[in-house]
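Trainee: Provided herewith is a single structure, encoded as structure tokens, for subsequent inquiry.
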Amino acid sequence: MKGDKSKAVVGVFTYMDDLINAIKKVKDKSLDYRVYSPVPNHELEDVVYPQKSPVRFVTATGAVMGLCAGFALAILTSMDWPLRTSAKAINSIPAFVVVGYEWTILWGGLATLGALFFFCKIPSMFSAIGYDPRFSHDKFGLVVGCSGDTTGEVKELMISSGADEVEVRDGL
Amino acid sequence: MAEEKKVDYALVNRLVLKMLEPPTFGWYVLLGICLLSVGIGAFCWSRQILYGIGASGKSHPAMWGFYITTFVFWVGIAHSGTLISAVLYLYRAKFRMPIYRLAEAMTVFAVLTAGLFPVIHLGRPWFFYWLMPYPNQMALWPNFRSPLLWDVFAVSTYLTISATFFIVGLIPDIAVARDAAKTKFRKILYSICSLGWRGSYTQWKHYTSAYLLFAAFATPLVVSVHSVVSWDFAVSIVPGWHATIFPPYFVAGAIFSGVAMVITLIIPLRKVYGLEALVTEKHFDAMSKLILVTSGVVGYSYLTEFYSAWWSNNPFERYQFWFRPFGHYAWAFWIMFTCNVILPLLLWIKPLRTHIGFLFVLSIFINIGMWFERFNIILQSLSRDFLPAQWGGYNISWTDYGILFGSFGWFGMWMVIFIKFFPSVAITEIKEILPAPKRHGGGEDH
């Protein structure tokens with residue numbers, strides 16, 4: 001998918017099956033592309049991004065760290081300020097489970113948020129090349145990076161797949 | 001789903017974005033009423049700060065009174081938002097789609113409201129931060145064996161995760177609003193709040209994965225938060241509190257009251273903004289069934305408490321459960337029992353499960369009943385402790401009423417502002433359950 005991507009051919013699709021056909025053709029030609037969709041969809045996912053998202057690894061790491069931190073906070077601070085009540089042990093592990101449990105969720109959740117931002121590249125102040133406001137409403141978008149010489153071929157590919165509109169813009 | 005066949009992506013956009021059109025006179029009136037009640041609540045609280053905690057009805061031995069009752073009530077209201085958004089998401093229950101955004105907003109704003117009450121309850125509210133574990137010059141730490149501290153962790157985690165879940169769910173919908181914004185102010189507001197979301201497929205892939213994980217994390221929170229709140233009571237030895245049934249009883253009660261509040265909020269919204277195509281009778285039928293089930297659990301818990309008290313042969317427990325239906329606050333018990341156990345039984349009648357007017361009235365009765373449930377647990381138990389010599393009561397003052405009234409205004413204010421500025425029905429997720437538009441072969445229903 002390397003090479004000259006000085007031009008971006010933007011296709012607007014109404015129908016998902018047309019879009020999927022176009023994506024398959026673009027993949028066959030080993031061109032670089034982006035897909036915009038108003039909704040997530042499993043069929044589209046199978047074609048565009050069949051791998052599993054790495055977000056879950058970050059989540060698991062955050063959750064384990066939260067569990068350790070929760071118990072560590074309760075244990076270490078209890079040892080620092082020993083307050084014996086009702087003949088209970090200074091380090092009452094069952095009582096500390098609540099803190100460990102809540103921090104597992106808290107840290108896991110915040111790690112997930114961080115991973116989401118990182119992998120989705122948000123917040124982003126830059127406009128995406130080829131993006132059209134209709135892609136958040138009811139249309140699907142396919143943006144293909146190619147050289148100036150091959151724009152005609154890519155346009156033809158999209159039109160033959162059923163694109164409603166095709167236009168050429170500067171680089172992907 | 002027959003109703004969904006008539007709905008397409010464009011109609012979903014149109015119906016939901018219509019709610020974001022410039023505010024009407026009625027909206028300003030509603031906001032004004034909310035602000036007025038917030039003002040009344042703030043005045044009462046400032047008076048309490050000025051004159052001391054005695055301005056409320058607290059008197060020995062009922063030192064937990066109106067404020068903790070209201071705290072538990074609002075935490076309960078907050079509960080079903082996460083149930084509807086997270087638990088039902090994991091179960092792929094489609095009926096959650098049109099209602100979950102409002103339920104999540106309700107969760108976040110109800111926790112914001114609930115969080116005020118432990119602070120209002122304090123004699124010196126400016127020291128509220130002493131509950132936080134932070135290194136300080138006194139070289140001491142809070143007691144991690146106390147359920148009150150567990151509450152700090154549980155409620156703050158719940159607020160953080162619920163707010164995160166809520167905001168993450170909003171991002172793609174705010175992007176829709178951004179792309180349709182007609183005024184410069186809204187364009188800037190939504191551009192900032194959508195964080196540059198474009199809906200590229202790479203983004204969707206990570207988004208759906210993260211959303212599933214948020215749901216998986218939020219689900220145990222549904223169980224843990226109100227269980228922890230119940231331990232504020234159950235871990236003590238006060239008659240009427242010291243019961244192992246409290247965690248499931250509190251969780252079921254919270255879901256019960258939360259679903260009722262969702263119905264209270266969604267019915268006027270549906271009517272005013274013409275959302276009948278999105279929020280259909282099937283959704284009300286599903287919510288009614290949820291109310292019926294949780295009402296059954298709550299009713300069973302009430303009866304189990306009486307049975308446990310009798311079976312324990314403990315005179316203090318037995319007296320407490322005689323005092324509740326026949327003592328000084330018997331009226332509160334019977335309001336609770338009628339609203340939470342008897343009236344919901346009407347939902348066994350199928351036509352009433354989809355009768356909008358009936359559901360609206362019933363949901364208000366349930367909200368009242370659930371507030372009284374907490375009133376009974378907290379106040380009745382504290383009023384009749386072990387020693388008759390220290391029995392007492394709670395002298396409800398107008399400061400209590402004012403702050404309670406103010407809390408509804410505070411909650412309402414956030415809801416009214418949210419509904420006008422952000423999509424209160426989930427655009428993307430409703431689109432997800434519609435058949436994907438296809439030239440050949442109709443479409444796949446996800």
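The values are calculated or read from the model by the stated rules, or taken from the named source; none is laboratory data. Predicted, not measured: the structure shown is a model, and the values here were computed from it. In this analysis, Cβ positions are derived from the backbone assuming ideal geometry, glycine residues included, and neighbour counts consider all displayed protein chains. Remember, those area values only see protein heavy atoms, side chains included, never the ligands or the DNA or RNA. Shrake-Rupley method; radii C 1.70, N 1.55, O 1.52, S 1.80 Å.
Trainee: Give the stretch B:196-217 a look and list any residue that's at the interface with chain A (Cβ under 7 Å from one of its Cβ atoms) and surrounded by fewer than 19 Cβ atoms within 10 Å (Cβ to Cβ), or say none.
Mentor: B:THR202, B:THR208
Trainee: Related question: Every residue in the stretch B:152-167 that is more than 9 Å from every other protein chain (Cβ to nearest Cβ) and open to solvent by less than 30 Å² (accessible area, probe 1.4 Å), please.
Mentor: Result: B:VAL152, B:VAL155, B:SER162, B:ALA163, B:PHE166.
Okay, residues lined up against (1) in contact (Cβ under 8 Å) with a residue 24 or more places away in the chain; (2) more than 27 Å from B:VAL155 (Cα to Cα); (3) within 25 Å of the chain's Cα centre (by Cα); (4) surrounded by fewer than 19 Cβ atoms within 10 Å (Cβ to Cβ):
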position: B:ASP8; (1), (2), (3), (4): yes, yes, no, yes
position: B:ASN13; (1), (2), (3), (4): yes, yes, no, no
position: B:GLU21; (1), (2), (3), (4): no, yes, no, yes
position: B:GLY32; (1), (2), (3), (4): no, yes, yes, yes
position: B:GLN48; (1), (2), (3), (4): yes, no, no, no
position: B:TYR51; (1), (2), (3), (4): no, yes, no, yes
position: B:ALA62; (1), (2), (3), (4): yes, no, no, no
position: B:PHE73; (1), (2), (3), (4): yes, no, yes, no
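Trainee: A further question on this structure: Can you pull out every residue in the stretch B:101-150 that is open to solvent by less than 40 Å² (accessible area, probe 1.4 Å) and polar (S, T, N, Q)?
Mentor: Scanning the stretch B:101-150 gives B:THR107, B:THR113, B:ASN136, B:SER146.
Trainee: Right, something else. Enumerate the pairs (first residue in the stretch B:388-417 and farther than 30 Å from B:TYR100 by Cβ and charged (D, E, K, R); second residue anywhere and open to solvent by less than 30 Å² (accessible area, probe 1.4 Å) and modelled with pLDDT under 95) with beta-carbon separation below 6 Å, excluding pairs fewer than 6 apart on the same chain, so at least 6 apart or on different chains.
Mentor: From residues that are farther than 30 Å from B:TYR100 by Cβ and charged (D, E, K, R), the pairs are B:ASP400/B:SER56; B:ASP400/B:GLY57; B:ASP400/B:PHE66.
Trainee: Another question, then. Which of the residues spanning the stretch B:395-419 are open to solvent by less than 10 Å² (accessible area, probe 1.4 Å) and either among the charged types (D, E, K, R) or not in a helix (DSSP H, G or I) (or both)?
Mentor: Residue satisfying the conditions is B:ASP400 alone.
Trainee: Select, from A:ILE75, A:ILE23, the only residue that is over 24 Å from B:PRO435 (Cβ atoms), more than 16 Å from the chain's Cα centre (by Cα), more than 8 Å from chain B (Cβ to nearest Cβ) and surrounded by fewer than 23 Cβ atoms within 10 Å (Cβ to Cβ).
Mentor: Exactly one residue qualifies, and that residue is A:ILE75.
Trainee: Quick one: which of A:VAL10, A:VAL39 is β-branched (Val, Ile, Thr), under 24 Å from B:LYS431 (Cβ atoms) and within 17 Å of the chain's Cα centre (by Cα)?
Mentor: On the way: A:VAL10 fails: within 17 Å of the chain's Cα centre (by Cα).
Answer to the check: A:VAL39.
Trainee: In the list A:VAL35, A:VAL39, which residue meets the criterion of being part of a strand (DSSP E or B), within 11 Å of chain B (Cβ to nearest Cβ) and either in contact with a Phe, Trp or Tyr (Cβ under 8 Å, 6 or more places away or on another chain) or buried (at least 21 other Cβ atoms within 10 Å of the Cβ) (or both)?
Mentor: A:VAL35
Trainee: Which pairs have Cβ atoms under 6 Å, sit 6 or more apart or on different chains, and link a residue in the stretch A:119-132 that is facing chain B (nearest Cβ under 7 Å) to one that is open to solvent by 20 Å² or more (accessible area, probe 1.4 Å) and assigned to a loop (DSSP other than H, G, I, E, B)?
Mentor: A:ILE122/B:LEU195; A:PRO123/B:LEU195; A:ALA128/B:ARG198; A:TYR131/B:ARG198
Trainee: Looking at the stretch A:111-165, which of its residues are open to solvent by less than 40 Å² (accessible area, probe 1.4 Å), in a helix (DSSP H, G or I) and within 16 Å of B:ARG198 (Cβ to Cβ)?
Mentor: Passing the criteria: A:LEU116, A:CYS120, A:PHE135, A:SER136.
Trainee: Hydrophobic (A, V, I, L, M, F, W, C), surrounded by fewer than 21 Cβ atoms within 10 Å (Cβ to Cβ) and over 21 Å from B:VAL16 (Cα atoms): is that true of B:PHE386 in this structure?
Mentor: In short, yes.
Trainee: Just one of the numbered conditions (1) closer than 30 Å to B:LEU278 by Cβ; (2) touching a Ser or Thr at 6+ places or on another chain (Cβ under 8 Å); (3) not aromatic (Phe, Trp, Tyr) is not true of B:GLY65; which one?
Mentor: Unmet for B:GLY65, out of (1) closer than 30 Å to B:LEU278 by Cβ; (2) touching a Ser or Thr at 6+ places or on another chain (Cβ under 8 Å); (3) not aromatic (Phe, Trp, Tyr): (1).
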